[in-house]
Structure formats: structure tokens, C-alpha cells
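S.K.: To start, I am sharing the structure in question, which I have written as C-alpha cells.
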Amino acid sequence: GTVGSSPSGIDCGNTCSASFNQGTSVTLSASPASGSTFAGFSENCTPVTGNDHQCRINMDDVKTVIATFNPIPAPEVGITGTCNYLHTDGKYWCTENLPVTLEYSAAEGQELGQCQYMVTSSDEEETVETISWTNVTCGANVEETITVGKGADCRHIGENACTVSVRARHEAGGGWEQASKSFNVDWNLGEPCTFPDCID
């Protein structure tokens, strides 16, 4: 973040010290950078009523004021979903459309600015087919259920053939927080899936 002054002289980041006439009342103003919040000035600077990003200090001596900025914690994202059949190999496989819940949670006191998901599909030769990021309506906490389906989303079969990814960032800025979950897909196992291929 940065701090400026009135009268002018302080422009910190760049200029963090200045000389003022004896007895001058200097108002300092803090501006947090994207992805951070302003936590306050040191106690020797008197808060300005109605503006918690400003304080005043009387220049009757050499004064040092500390402005504290804190990074905004990353949002939390997650994916919940389990394929419909448990194979004898001990792994779950998708043989039908898969409901997947996308989870987005903002840090305390924050709002989510962007929430997105994407589905990728890959084969044994690691050929990846990608669907662009899709936006989800954001808020403080969001749960969105999508259906991952044969063909439209997962074009390949095999272990970890289909991957769902989610990402989010806060309205106040900061980087993306991302998570992914892969699913074993074999639409050809058939319905119903029976022993010994699967364990119901």
C-alpha cells in the first residue's frame, strides 16, 4: 500500500520522509494495494473521525508514523463428487453422469469477485481437451452443482480421464486460488455394473 500527506511531501512507497514547518498539522492518508487491507496507523497519529484510512499528527518534533497493511487471505475452493460405482480395483469409476458440487468461500470480511470452473478431458496419450473457464455467480460463500456428462464434458475414458477445476479470487483483488479433482471414467462399463467388474 501507499501513504500520502496533506500538506504534500509524503508519497510513500517512493518518498517516505519529508520536512514540515514547526506546528504544522499533517494528515496522512493510506491506500491499500490490490489484494491487501489497511490495518491502521501507529498510536502516535490521531485517527480522523469518519475516515479510518486517515490520521493527523502535529509536527512539534521529529515524528515517525507506521502504517500497517495486511495481505487478504486467499479464498477457499473445493470440489465434492464421487463416481457411481466402486470397482474391484478399489477405485470409483463413472459409468453415468456425475453431479459435482463446486465450493467457494471468501475470507472473513471479504466478498468473492470471480468464481469459475473448467472441465478437462485427457486420454492415455495425454491429449487434453479443454473447455474454457465458466463463470459462477459469486458472493461470500457459494455452492454450485454441475453435471459432468459423457461426451459433452468427458470425451475420453480411463483413470483420471476427467478433471474438474475451480478457481476464485476476492473482489478486493489478489491472486487466484485454485483446486482440481480427477475422476476415473469408463462409460462402457455398462448399466447396471455388476460383480466382478464393480461392487455395487
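S.K.: How many residues, within the stretch 161-180, are open to solvent by 30 Å² or more (accessible area, probe 1.4 Å) and either assigned to a loop (DSSP other than H, G, I, E, B) or within 18 Å of E96 (Cβ to Cβ) (or both)?
M.R.: Residues flagged as open to solvent by 30 Å² or more (accessible area, probe 1.4 Å) and either assigned to a loop (DSSP other than H, G, I, E, B) or within 18 Å of E96 (Cβ to Cβ) (or both) within the stretch 161-180 amount to 2.
S.K.: Taking only the stretch 108-119 into account, find how many residues are open to solvent by less than 30 Å² (accessible area, probe 1.4 Å) and either farther than 30 Å from P71 by Cα or at pLDDT below 90 (or both).
M.R.: Looking only at that region, the number is 1.
S.K.: I've got another one for you. Looking at the stretch 74-107 only, could you name the residues that are open to solvent by 40 Å² or more (accessible area, probe 1.4 Å), over 30 Å from S34 (Cα atoms) and at pLDDT 85 or above?
M.R.: Within the stretch 74-107, T80, T82, N84, G90, K91, Y92, E96, N97, P99 meet the criteria.
S.K.: Surrounded by 18 or more Cβ atoms within 10 Å (Cβ to Cβ) and farther than 17 Å from H170 by Cβ - does that describe any residue in the stretch 121-143?
M.R.: Yes, the stretch 121-143 has at least one match.
S.K.: Taking the stretch 22-49 as the search range and keeping residues that are farther than 26 Å from L112 by Cα and in a loop (DSSP other than H, G, I, E, B), which one is least open to solvent (accessible area, probe 1.4 Å)?
M.R.: Checked the stretch 22-49; the qualifying residue least open to solvent (accessible area, probe 1.4 Å) is C45.
S.K.: Would you check which residues across the stretch 86-114 are over 28 Å from the mean Cα position of the chain (by Cα), in a strand (DSSP E or B) and small (G, A, S) and list them?
M.R.: none
S.K.: Determine if the stretch 64-72 includes at least one residue that is in contact (Cβ under 8 Å) with a residue 12 or more places away in the chain, assigned to a strand (DSSP E or B), more than 30 Å from C138 (Cβ to Cβ) and open to solvent by 50 Å² or more (accessible area, probe 1.4 Å).
M.R.: No, the stretch 64-72 has no match at all.
S.K.: If you check E143 against the conditions, is it out of contact with any Asp or Glu (no Cβ under 6 Å at 6 or more places or on another chain), modelled with pLDDT of 85 or more, in a strand (DSSP E or B) and closer than 30 Å to S36 by Cβ?
M.R.: On the way: out of contact with any Asp or Glu (no Cβ under 6 Å at 6 or more places or on another chain): no; modelled with pLDDT of 85 or more: yes; in a strand (DSSP E or B): yes; closer than 30 Å to S36 by Cβ: yes.
Judged against the criteria, E143 is not a match.
S.K.: Can I ask one more? Between G4, G78, which is in contact with an Asp or Glu (Cβ under 6 Å, 6 or more places away or on another chain), part of a strand (DSSP E or B), closer than 30 Å to T147 by Cα and not hydrophobic (A, V, I, L, M, F, W, C)?
M.R.: Result of the check over G4, G78: G78.
The values are calculated or read from the model by the stated rules, or taken from the named source; none is laboratory data. Model, not experiment: these values are computed from the prediction. Ideal geometry is used to build each Cβ from the backbone, glycine not excepted, and the neighbour counts take in all protein chains shown. Just so you know, the surface numbers come from the protein's heavy atoms only, side chains and all, with ligands and any DNA or RNA stripped out. Shrake-Rupley method; radii C 1.70, N 1.55, O 1.52, S 1.80 Å.
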